[in-house]
1. Which FRET efficiency, nearest 0.05, do R38 and L10 yield, Cβ-Cβ r, R0 22 Å?
2. Considering only the other residues whose Cβ falls under 10 Å of the Cβ of R61, what net charge follows from Lys and Arg at +1 and Asp and Glu at -1?
3. Given the rule -39500 (n - 2.57) for each run of at least 4 DSSP H residues, summed and divided by the residues of the chain, what is its mean residue ellipticity at 222 nm, to the nearest 500 deg cm²/dmol?
4. Using 1/(1 + (r/R0)^6) with R0 = 22 angstrom and r between the beta carbons of V91 and T26, what's the FRET efficiency to the nearest 0.05?
5. Probe radius 1.4 Å, ligands and nucleic acids ignored: give me the carbon and sulfur share of the accessible area of the chain as a rounded percent.
6. So which GluC sites (Glu not before Pro) in the range 5-99 pass both tests, a DSSP loop state and at most 14 other Cβ atoms within 10 Å of the Cβ?
7. Need one number for the chain: average projected area of the convex hull over its C-alpha atoms, nm².
Amino acid sequence: PPAILGEWQLYRVVSSVEGDAGQAETAWRVLGGHGDFRKPEEHMIRFVPSRHGQVGVVADRGWEYAQRTGAQVEWSIAQPDKLRARTAAGVVTLAVVQR
């Protein structure tokens with residue numbers, strides 16, 4: 001809904017992990033997580049209007065990834081499921097392939 005447009009403070013807690021906890025932690029770290037996987041995490045997130053002609057909002061994944069990692073990020077509302085970032089470790093490319 002449009003009411004969530006803008007920046008928000010996110011507070012995230014891992015309450016349970018189904019399946020391989022090691023794989024879940026690896027994915028969390030690739031997405032910018034650091035420290036203890038099972039401890040509360042706080043960072044800023046932002047929601048932006050959907051593409052022209054669509055109703056709703058979308059999470060600005062590029063902005064969030066930059067907030068969590070400090071990386072230079074390439075992300076576009078036109079292709080919200082793709083993200084490319086330059087980190088100290090190299091280039092990271094992320095793509096959502098299934099929800």
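The values are calculated or read from the model by the stated rules, or taken from the named source; none is laboratory data. It should be emphasised that the depicted structure is a prediction, and the values quoted were computed from it without experimental measurement. Heads up, the Cβs are rebuilt from the backbone with ideal geometry, glycines too, and the neighbour counts pull from every protein chain shown. Quick note on the areas: whole protein, heavy atoms, side chains included, nothing else; ligands and nucleic acids left out. Shrake-Rupley method; radii C 1.70, N 1.55, O 1.52, S 1.80 Å.
1. 0.85
2. Neighbour charge sum, excluding R61 itself: -1.
3. That calculation yields -5500 deg cm²/dmol at 222 nm.
4. For R0 = 22 Å, the calculated efficiency reads 0.80.
5. Percent of accessible area from carbon and sulfur atoms in the chain: 53.
6. E18
7. Dividing the Cα hull surface by four gives the mean projection, 7.2 nm².
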